[in-house]
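Read the figures in this text as sums done on the coordinates, not as results from a lab. Please read all numbers here as calculations on a predicted model, not as lab measurements.
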Amino acid sequence: MRHLGTLHEAYGFTGQRGHVFVATGLTPGPTDLGPEEVGLVCAPVAYAEFPRLVADGRITDAATLAAYTLLLLERGFSITSVAPRYGGESGDTP
C-alpha cells in the first residue's frame with residue numbers, strides 16, 4: 001500500500017481532508033455500513049475502464065476523480081502526454 005496524496009474536500013469551507021492510498025492484491029470482505037452510507041457502492045473497476053465510466057457520467061464524485069488524477073500522476077501521466085482535445089492550439093478551451 002502506497003500513499004498517493006492528501007485531498008482537501010472543500011478547502012476554505014471545511015477542514016475535512018482525506019488521504020489517498022493505492023493498494024493491490026486485496027480480497028473483498030464483509031461490509032458493515034452505517035445509516036449514512038446507505039447506497040454506497042464499492043465495486044472493482046479495471047484501470048482501463050475508468051475513463052469510459054467518467055465520460056459516461058457514471059462516476060461523478062469529486063474525491064474519486066481527484067484520487068484518480070493522483071493515480072495518473074503516479075503512473076507518469078502529464079498534460080504534455082496528451083494531444084489537444086478540441087482540435088486547435090493546445091491553449092484552446094471548449
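Quick one: Karplus J couplings for the range 15-20, per residue in order, coefficients 6.51, -1.76, 1.60, θ = phi - 60°, nearest Hz, x for Gly and Pro?
Once rounded to whole Hz, the list reads x, 5, 9, x, 9, 9.
Expected output is a single nm value to one decimal: the length gained when fully extending between LEU33 and LEU53, i.e. 0.36 nm times separation in residues minus the C-alpha distance. What is it?
Numbers: separation 20, 0.36 × 20 = 7.20 nm, distance 2.44 nm.
Extra length from LEU33 to LEU53 when fully extended: 4.8 nm.
Can you give the helix-only mean residue ellipticity at 222 nm for the chain, where every DSSP H stretch with n ≥ 4 adds -39500 (n - 2.57) and the sum goes over all residues, rounded to the nearest 500 deg cm²/dmol? Before the final figure, lay out the partial values.
Numbers: 2 runs with 19 residues, N = 94.
Helices in the chain give a 222 nm mean residue ellipticity of -6000 deg cm²/dmol.
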